[in-house]
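Accompanying notes for the structure given below.
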């Protein structure tokens with residue numbers, strides 16, 4: 001079992017970490033995020049480091065310990081650097097464009113798919129077949145990317161669909177005529 005939760009998190013100079021009533025608030029150059037601390041876990045800020053402590057050795061508490069530490073670390077990285085996921089669309093006539101506060105995607109269906117862009121996430125389309133998702137919250141960025149990909153997952157015969165950049169799709173051979 002890993003002991004990642006015991007490792008302290010260094011706080012960069014341009015980040016403020018406040019702990020108030022069981023909520024961690026992290027402010028940085030790109031924005032601010034907050035996270036509610038689960039009940040058996042304690043979080044302290046000492047010597048420009050965040051320390052996550054677990055009072056018991058029970059397995060559920062230890063797993064919450066590591067999870068809380070990882071979430072706080074991801075929040076600090078998010079407010080400093082931000083997160084980005086890139087998707088590419090493959091298929092003849094498949095394209096995406098931003099219309100107002102939503103993403104309009106043509107995927108060969110009889111209708112366009114309108115995806116409302118959630119708050120805290122920036123979606124760009126540098127090319128009609130490329131979607132870039134940016135934000136400070138790793139969970140939101142990943143969720144938006146997964147929801148968009150779920151509209152048309154890459155199929156194994158022709159490779160059409162929405163895929164992550166550099167995602168490998170194993171191709172299958174089609175039917176053969178005997």
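Data for the structure
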{"quantity": "DSSP-defined beta bridges in segment 83-164 - what % are antiparallel, rounded to 5", "calculated": "100"}
{"quantity": "Bins of 10 Å from zero: percent of alpha-carbon pairs in segment 83-164", "calculated": "20, 56, 22, 2"}
{"quantity": "Point-to-point label distance, residue 59-residue 178, nm (Cα→Cβ direction, 7 Å offset)", "calculated": "5.1"}
{"quantity": "Rounded to 10°, Cα long-axis angle of helix 59-80 versus longest principal axis of the chain", "calculated": "70"}
{"quantity": "Structure-based [θ]222 nm, the chain - -39500 (n - 2.57) summed over DSSP H runs of at least 4, per residue, nearest 500", "calculated": "-6500 deg cm²/dmol"}
{"quantity": "Cα-based Rg and Dmax for segment 1-62, where Dmax is the largest Cα-Cα distance (Å)", "calculated": "12.6, 37"}
{"quantity": "Label-point separation, residue 106 to residue 84 (7 Å along Cα→Cβ), nm", "calculated": "2.7"}
{"quantity": "Computed log₁₀ I(q)/I(0) - Debye formula, equal Cα scatterers, no solvent, segment 1-128, q 0.10, 0.17, 0.22 Å⁻¹", "calculated": "-0.49, -0.87, -1.20"}
{"quantity": "Crossing angle, helix 138-150 versus the chain [Cα axis fit, 0-90 degrees, rounded to tens]", "calculated": "20"}
{"quantity": "Modelled FRET efficiency - R0 41 Å, residue 18 with residue 171, Cβ distances, 0.05 increments", "calculated": "0.20"}
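Where a number appears in this text, it was derived from the coordinates with a stated rule and is not lab data. This structure is a prediction, so every number in the text was calculated from the model and none was measured. Counting neighbours? That spans all protein chains shown, and the Cβs are built from the backbone with ideal geometry, glycine included.
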